[in-house]
Amino acid sequence: MPRESVPPPRPGLAAGDTILLPRDTNQARGLARYALDFLFRAPRPLGAATLRLLERFHLDSVGCGVSALALAANAPTVLRREALAAAPAAGSTGAVCFGSPRRCRAEKAVVANASAVREWDSNGTNFGYDREKGRTAGEFGHNDFYPVAVAAATEAGLGGDATLRIMLLIDEIRGRLAEVFALRRYSIDHVHHGAVACAAAYTAALGGTEDEVESAIGLVVAHYVPFRAIRAGHQLSDSKGASAALAAETALMSGRRALAGFVGPQDVFRNPLAIYRLHEPSPAGCSPFDLELGTGGDAFAIHAMHFKLGLYEHQSAGALQSLVDLFAAHPGLANAVDDIRRLRVRIYEPAYSIIADPAKRTPTTRQSADHSLPYILARTLLKARGLSANAAQGWEALMLLPDDYADAAIRDPRAADLIARIEIEHGGPDYDARYPDGIPTSVEIDHTTLGTLAGGLVQHPLGHARSDAGRTAALVDLKFDRLVAGAVDDPRRLRERMYLAGRGPEEIAELYAFPIHGVDPG
C-alpha cells in the first residue's frame, strides 16, 4: 500500500474536470502533484464511458500480447525468457509475465509484457490532436503501457479500480503530451511520452513523494531519450516493436532509484538543455507548452484514441475502409480480383511518406510489411479473393491477422503481382487539411469488366475515435477472439477475466498468470 509519507490532500485542486499546468511553472512538479492527487489524495469520480473505453483498450492489448507469445514472436519471447530468470528485487513482490505464475523483477516483467502487447503493432493508437482546444502537435502514440499499471498495482497491493486509475493516468499524461509536443520533428521516438507518463504513475502508485515522482520524471527525460533510428532503413528490426517496452523499463528503473533516494534533475520541462526547450526555445522560465490534464468525469485524452481492427499501420485504416466499402458495393469484385488493372490510392501527409515509401513496396520482414500500404492492400485483396461467392465481405471477413504477415505470406508472388498494380498518390492540400481530425483516403479501382470503381473519400474509418462506437466495439471483441483462438482454452472466459473493475489485489497480482498454449509457464 502507499507509504505513510504520502502528504495529505493538496488544497486548491481544480474544481472542474481538468487542471492546467502553465508553461511558466515547474510542470514536472505539477505532474507529480497531479499523479498523487489523481490516484490517492483527491481522486474524483471517473465517467462510465471513460471506464468502458479503458477496459476495452486494455482487453485489446492483452489479445495482441497473448497472440504474439503463442506464435513465438522473437522479441517478446527473448524478453520474457530474460524476465523469468530475474527474481524480484529485495523488498518487492515483483510481477508476473503473461502465461506464468512466477514472480519476476517488476521492470523485467513489464518489458516482456509490453513487448508482447506491442509486437503486432495492432493495439490502440493516438494522434495527439484536440481540435477544440487547439492542441494539434499531432504526435503518435499507442496504448502499450498497461503492464506498468498492473505491475505497480501488484507491488503496491492495489485492486482493480486502482489499477484502472493508474492505466488512465498513464494514457492521460502521454496523450496530452502528444497534443502539445511533437517528438518526431526532432527524430525522437514517440514512446518517450509514454516513459514520462510511466515514471510519474509508477512512482506515485508505489507511494512516492512529490520530490520522488519529480526525480523519476527528471531521470527519464535526462538519461533515456530514444531516437527514431529504430524506424530508419528499408527493413525494420525487433527494436521497432520493443521500443515502448524498453521505454517502460527505463521508467520503472528511474522510479525505483527515485524511491531509493536518488535525486534526479528538477524542473526538467523548463530546463534549457532538456529535449523540450532545446528543440523549441522558449522565454526564460517557460516550457514550450501549457499542459491541461483530466481529473474526473470523461475529460480524458483516451476519448480521442483509436482502435485497429487487425494488423496494419493505423494510417492505412482509411484505405482499408474504402476498399471494404468497395467490396460491399460491388459483390462481384471479390471473385474478380485478378481482373484489377490498377488500384489507385490518394492519401495525406504524413501517411504518404510513412506507409507509401517506395522502399516498402518490397517488404521482407513483418515489421516492414505492416507499415507498407501496398502490401496491406494486396493482402486484403487476396483475402477477398478467397471468399465464397455469397460470403459477407466486410471487416469481419477481411480482418488482417498474424498469418497475413508470416514469411510465406510476405514472399507470396501473388502479393507482389498485386502490389505492382497499386499506385499511391499524395492527395494534396485538401487531404492534408483533413488530418489528423480524420484519416482522409480514397481508393479507386480500374477493373477490366466492372470499369472504374470509386470508393469515395473516407475520413473516419471504423476503429477511429469518431466512428460508430458500437460497431467498432463488436469488431474489437471479434479481433480479440481471433487473436487468442488456439492460444487459450476459452477466449470468452479470458475476456471476462480481464475485466478489472471491482477485482481484489490478489486477482490483479495474478491477472496475467493464465496459461498460454505452447508457452513455457516458467
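If you scan the range 58-87, which residues turn out to be among the small types (Gly, Ala, Ser) and within 13 Å of LYS479 (Cα to Cα)? Break it down stepwise before answering.
Applying the first criterion (among the small types (Gly, Ala, Ser)) to the range 58-87 yields 61, 63, 65, 67-68, 70, 72-73, 75, 83, 85-87.
Correct list: SER61, GLY63, GLY65, SER67.
Restrict the check to the range 318-337 and report whether at least one residue is within 24 Å of the chain's Cα centre (by Cα), crowded, with 16+ Cβ neighbours inside 10 Å, in the same structural domain as GLU423 (by TED's automatic domain parsing) and aromatic (Phe, Trp, Tyr).
no
Taking ALA162 as the residue in question, decide whether it is in a helix (DSSP H, G or I) and either within 17 Å of the chain's Cα centre (by Cα) or over 28 Å from LYS240 (Cβ atoms) (or both). Spell out the reasoning first.
Numbers: in a helix (DSSP H, G or I): yes; either within 17 Å of the chain's Cα centre (by Cα) or over 28 Å from LYS240 (Cβ atoms) (or both): yes.
Yes.
In this structure, does ALA35 turn out to be surrounded by 17 or more Cβ atoms within 10 Å (Cβ to Cβ), under 30 Å from PRO272 (Cα atoms) and not β-branched (Val, Ile, Thr)?
Values: surrounded by 17 or more Cβ atoms within 10 Å (Cβ to Cβ): yes; under 30 Å from PRO272 (Cα atoms): yes; not β-branched (Val, Ile, Thr): yes.
For ALA35, the condition - surrounded by 17 or more Cβ atoms within 10 Å (Cβ to Cβ), under 30 Å from PRO272 (Cα atoms) and not β-branched (Val, Ile, Thr) - is met.
Go through the residues of the range 285-292 one by one and say whether even a single one is in a helix (DSSP H, G or I), modelled with pLDDT of 95 or more and either in contact with a Pro (Cβ under 7 Å, 6 or more places away or on another chain) or at negative phi (or both). First the steps, then the outcome.
Taking the range 285-292 first, the residues in a helix (DSSP H, G or I) are none.
Scanning the range 285-292 turns up no residue that is in a helix (DSSP H, G or I), modelled with pLDDT of 95 or more and either in contact with a Pro (Cβ under 7 Å, 6 or more places away or on another chain) or at negative phi (or both).
Given the condition part of a strand (DSSP E or B), within 19 Å of the chain's Cα centre (by Cα) and either within 30 Å of ARG434 (Cβ to Cβ) or at pLDDT 95 or above (or both), answer yes or no: does some residue in the range 183-191 qualify?
Our first condition is that a residue be part of a strand (DSSP E or B); within the range 183-191, this holds for 188.
Retained after the next criterion (residues that are within 19 Å of the chain's Cα centre (by Cα)): 188.
When the remaining residues are screened for being either within 30 Å of ARG434 (Cβ to Cβ) or at pLDDT 95 or above (or both), the result is 188.
Checked the range 183-191: at least one residue is part of a strand (DSSP E or B), within 19 Å of the chain's Cα centre (by Cα) and either within 30 Å of ARG434 (Cβ to Cβ) or at pLDDT 95 or above (or both).
If GLY504 meets every condition in (1) within 30 Å of ILE166 (Cα to Cα); (2) touching a residue at least 24 places away in the same chain (Cβ under 8 Å); (3) surrounded by 17 or more Cβ atoms within 10 Å (Cβ to Cβ) apart from one, which number is that one?
Tallying (1) within 30 Å of ILE166 (Cα to Cα); (2) touching a residue at least 24 places away in the same chain (Cβ under 8 Å); (3) surrounded by 17 or more Cβ atoms within 10 Å (Cβ to Cβ), GLY504 fails exactly one: (3).
Of the residues that make up the range 133-142, is at least one modelled with pLDDT under 95 and of a type in the set (Val, Ile, Thr)?
yes
Is the range 470-479 home to any residue that is assigned to a loop (DSSP other than H, G, I, E, B) and in contact (Cβ under 8 Å) with a residue 40 or more places away in the chain? Step through it out loud before you land on a result.
First pass over the range 470-479, keeping only residues assigned to a loop (DSSP other than H, G, I, E, B): none.
Within the range 470-479 (the criterion being assigned to a loop (DSSP other than H, G, I, E, B) and in contact (Cβ under 8 Å) with a residue 40 or more places away in the chain), the answer is no, since none of the residues qualifies.
Considering only residues that are over 9 Å from the mean Cα position of the chain (by Cα) and buried (at least 24 other Cβ atoms within 10 Å of the Cβ), which ones fall in the range 118-138?
Residues of the range 118-138 that are over 9 Å from the mean Cα position of the chain (by Cα), as a first pass: 119-120, 127-138.
Passing the criteria: GLU119, TRP120, PHE127, GLY128.
Considering each residue of the range 425-451, count those that are touching a Gly at 6+ places or on another chain (Cβ under 6 Å) and either without any contact (Cβ under 8 Å) to a residue 12 or more places away in the chain or acidic (Asp, Glu) (or both), and give that number.
Summing the residues that are touching a Gly at 6+ places or on another chain (Cβ under 6 Å) and either without any contact (Cβ under 8 Å) to a residue 12 or more places away in the chain or acidic (Asp, Glu) (or both) in the range 425-451 gives 0.
Can you confirm whether ALA485 is without any contact (Cβ under 8 Å) to a residue 12 or more places away in the chain, touching a helix residue (DSSP H, G or I) at 6+ places or on another chain (Cβ under 8 Å) and more than 23 Å from VAL337 (Cα to Cα)?
Numbers: without any contact (Cβ under 8 Å) to a residue 12 or more places away in the chain: yes; touching a helix residue (DSSP H, G or I) at 6+ places or on another chain (Cβ under 8 Å): yes; more than 23 Å from VAL337 (Cα to Cα): yes.
Taking the combined requirement at face value, the residue satisfies it.
Based on this model, can you work out whether SER239 counts as closer than 30 Å to SER122 by Cα and either more than 21 Å from the chain's Cα centre (by Cα) or of a type in the set (D, E, K, R) (or both)? Show your work before the answer.
Details: closer than 30 Å to SER122 by Cα: yes; either more than 21 Å from the chain's Cα centre (by Cα) or of a type in the set (D, E, K, R) (or both): no.
So SER239 does not fit the description; no.
Looking for something surrounded by fewer than 22 Cβ atoms within 10 Å (Cβ to Cβ), of a type outside the set (A, V, I, L, M), under 26 Å from THR136 (Cβ atoms) and in contact (Cβ under 8 Å) with a residue 12 or more places away in the chain - is there at least one such residue anywhere in the range 188-207? Show your work before the answer.
Here is the first cut: in the range 188-207, the residues surrounded by fewer than 22 Cβ atoms within 10 Å (Cβ to Cβ) are 188, 207.
Checking which are of a type outside the set (A, V, I, L, M) leaves us with 207.
From what is left, the residues that are under 26 Å from THR136 (Cβ atoms) are none.
Scanning the range 188-207, I find no residue that is surrounded by fewer than 22 Cβ atoms within 10 Å (Cβ to Cβ), of a type outside the set (A, V, I, L, M), under 26 Å from THR136 (Cβ atoms) and in contact (Cβ under 8 Å) with a residue 12 or more places away in the chain, so the answer is no.
The values are calculated or read from the model by the stated rules, or taken from the named source; none is laboratory data. All of these numbers come straight from a predicted model, not from anything done at the bench. Neighbour counts are summed over all protein chains in view; Cβ atoms, including those assigned to glycine, are modelled from backbone coordinates with ideal geometry.
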